[in-house]
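The values are calculated or read from the model by the stated rules, or taken from the named source; none is laboratory data. Please read all numbers here as calculations on a predicted model, not as lab measurements. FYI the Cβ positions are ideal-geometry reconstructions off the backbone, even for glycines, and counts take in every protein chain you see.
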Amino acid sequence: LEALGRPAADADVLQSFIELVDPSAAEPWTLEYLRVAQVMVVLGDCLFIHGAVRTSGLLLIPAEDCRDGDPDRQPPPLRLLDATPLEVWAAELNAWKARQLRLFEAYPHFVKDRPTGGERWRGGQPLMMPSLVGCHVVTDSFLRRGNGSALDRDVAAYLARNGIRRVFAGHAPQGQSPGVMRTPDEGITVVVADTSFSNVHSDKSRNPA
């Protein structure tokens with residue numbers, strides 16, 4: 001905010017975060033980014049994801065709703081059949097994201113359940129709680145105890161059947177260079193390229209999505 005010549009008190013910073021996703025704001029950059037973002041992308045023999053594909057999240061479609069503050073009453077995710085092509089799984093995940101984002105834009109503010117007065121709801125809650133609703137490809141990582149690890153056997157077999165040879169991910173900071181893990185039997189290489197650094201000298205005053 002200071003770089004833009006605007007007030008930068010705590011309240012101003014909070015308001016700027018709100019405006020970045022407010023559908024009625026003049027420049028909701030983060031919302032614009034989310035509109036075009038994809039949960040999973042398949043390009044040829046390459047798979048792009050944010051987090052990781054682990055056994056726990058393989059072929060899951062996240063739940064369409066979630067219970068705010070009630071982890072014991074969460075609607076379950078949907079698991080697709082083992083024979084589901086990777087492109088179909090990716091399309092289902094991206095369609096889920098689009099539905100949730102449309103719901104958020106239509107109902108961005110919390111409303112309380114009137115009969116009970118306790119539970120509250122707003123559009124797009126599952127998108128904001130990806131681990132809770134089963135979107136593990138966003139929240140999982142390829143690290144185990146801080147170290148890179150090979151793909152789970154069932155995941156490697158599934159990706160190999162679908163022609164994947166390279167997986168690109170972020171989410172888990174790797175330091176100054178990307179983390180590279182290989183699963184030799186299936187010939188799959190995983191590159192985790194969150195290096196935690198950006199160009200500190202680049203212009204931050206203009207950064208549209």
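Find the residue count for region 140-181, including only residues that are at pLDDT 95 or above and of a type in the set (Ser, Thr, Tyr).
Within region 140-181, residues that are at pLDDT 95 or above and of a type in the set (Ser, Thr, Tyr) number 1.
Take Gly134 and tell me if it is at pLDDT below 95 and surrounded by 19 or more Cβ atoms within 10 Å (Cβ to Cβ). Write out each step before concluding.
On the way: at pLDDT below 95: yes; surrounded by 19 or more Cβ atoms within 10 Å (Cβ to Cβ): yes.
So Gly134 passes the test.
Checking the conditions here, which among Glu2, Glu32 is more than 25 Å from Pro173 (Cβ to Cβ), of a type in the set (D, E, K, R), in contact (Cβ under 8 Å) with a residue 60 or more places away in the chain and not assigned by TED's automatic domain parsing to the domain that holds Asp154? Step through it out loud before you land on a result.
Working: Glu2 fails: in contact (Cβ under 8 Å) with a residue 60 or more places away in the chain.
Answer to the selection: Glu32.
Give me a count of the residues in region 61-85 that are modelled with pLDDT of 85 or more and in contact with a helix residue (DSSP H, G or I) (Cβ under 7 Å, 6 or more places away or on another chain). Steps first, answer last, please.
So in region 61-85, the residues modelled with pLDDT of 85 or more come out as 61-66, 74-85.
Still in the running and in contact with a helix residue (DSSP H, G or I) (Cβ under 7 Å, 6 or more places away or on another chain): 61-66, 74, 77, 80.
Of the residues in region 61-85, 9 are modelled with pLDDT of 85 or more and in contact with a helix residue (DSSP H, G or I) (Cβ under 7 Å, 6 or more places away or on another chain).
Go through (1) touching a His at 6+ places or on another chain (Cβ under 8 Å); (2) modelled with pLDDT of 95 or more; (3) not aromatic (Phe, Trp, Tyr) for Arg122 and report which single condition fails.
(2)
Quick check on Ala26: is it outside the structural domain of Thr183 (by TED's automatic domain parsing), assigned to a loop (DSSP other than H, G, I, E, B) and of a type in the set (A, V, I, L, M, F, W, C)?
Against the criterion (outside the structural domain of Thr183 (by TED's automatic domain parsing), assigned to a loop (DSSP other than H, G, I, E, B) and of a type in the set (A, V, I, L, M, F, W, C)), Ala26 qualifies.
Select, from Ile18, Ile61, Ile49, the only residue that is surrounded by 11 or more Cβ atoms within 10 Å (Cβ to Cβ), free of Cβ contacts under 8 Å to residues at least 40 places away in the same chain and not charged (D, E, K, R).
Numbers: Ile61 fails: free of Cβ contacts under 8 Å to residues at least 40 places away in the same chain; Ile49 fails: free of Cβ contacts under 8 Å to residues at least 40 places away in the same chain.
After ruling out the rest, the residue left standing is Ile18.
Taking into account only those residues within region 1-23 that are hydrophobic (A, V, I, L, M, F, W, C) and in a helix (DSSP H, G or I), which is nearest to Gly124 (Cα to Cα)?
Step one: list which residues in region 1-23 are hydrophobic (A, V, I, L, M, F, W, C), which gives 1, 3-4, 8-9, 11, 13-14, 17-18, 20-21.
Then keep just the ones that are in a helix (DSSP H, G or I); that gives 11, 13-14, 17-18, 20-21.
Numbers: Ala11: 25, Val13: 23, Leu14: 20, Phe17: 17, Ile18: 15, Leu20: 16, Val21: 12 Å.
Only one residue tops the list, namely Val21.
Please enumerate the residues belonging to region 29-60 that are in a helix (DSSP H, G or I) and of a type outside the set (Val, Ile, Thr). Spell out the reasoning first.
Going through region 29-60, the residues in a helix (DSSP H, G or I) turn out to be 29-36, 55-57.
Trp29, Leu31, Glu32, Tyr33, Leu34, Arg35, Ser56, Gly57 - these are the residues of region 29-60 that are in a helix (DSSP H, G or I) and of a type outside the set (Val, Ile, Thr).
Among the residues of region 87-95, is there at least one that is farther than 18 Å from Val41 by Cα, touching a strand residue (DSSP E or B) at 6+ places or on another chain (Cβ under 8 Å) and exposed (fewer than 14 other Cβ atoms within 10 Å of the Cβ)?
First, pick out the residues of region 87-95 that are farther than 18 Å from Val41 by Cα: none.
No, region 87-95 has no match at all.
Please verify whether Asp45 is more than 30 Å from Met181 (Cβ to Cβ) and among the acidic types (Asp, Glu), treating the condition exactly as stated.
Details: more than 30 Å from Met181 (Cβ to Cβ): no; among the acidic types (Asp, Glu): yes.
Spelling it out, it is not the case that Asp45 is more than 30 Å from Met181 (Cβ to Cβ) and among the acidic types (Asp, Glu).
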